[in-house]
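These notes are about the structure you will find just below.
The values are calculated or read from the model by the stated rules, or taken from the named source; none is laboratory data. For clarity, every value in this text was computed on a predicted model and none was experimentally measured. Every residue, glycine as well, gets a Cβ built from its backbone with ideal geometry; the counts of neighbours run over all protein chains shown.
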Amino acid sequence: MARLNDDAQWIILMGFIVSFSIFFLALVLNQSTVVGQTTAEGVIEFPKNDIRDLSDAITSNITGPNEAVVLEDFRRIALNRKNAVVNYSITPADDYTIVKVHYNNGVTIYEENWTSLYY
């Protein structure tokens, strides 16, 4: 650039600035679409039907002395079919029952606690 006059140097410098700004804007726009895509995929991948089925099965099928067997069956079925780790605990109190449910499929971790007046 030593042989160019001042006007030509200014034009070349402005060309570099414009090209770097366009590159920076393209990079920012590319990252914003990636963030929006992964956020939308996270909402789609939430296994609400699996969790709903699990809660329904816990509330309707657990009765009395076979609780440990049912818990082990739930763990095995969820791990084999859905690749999810499922655990729940039922704690009877005075006139109510506390149920804690844990669901983890590697993408989603879900914890639920509820209190039931009837067991």
Exercise. Hey, can you tell me all the residues within segment 58-87 that are modelled with pLDDT under 85 and touching a Ser or Thr at 6+ places or on another chain (Cβ under 9 Å)?
Key: 59, 70, 71
Quiz item: Does residue 89 fit the bill of being among the small types (Gly, Ala, Ser), surrounded by fewer than 15 Cβ atoms within 10 Å (Cβ to Cβ) and in a strand (DSSP E or B)?
Solution: yes
Quiz item: Out of all the residues in segment 97-115, which are farther than 14 Å from residue 48 by Cβ and surrounded by 13 or more Cβ atoms within 10 Å (Cβ to Cβ)?
Solution: 97, 98, 99, 100, 102, 104
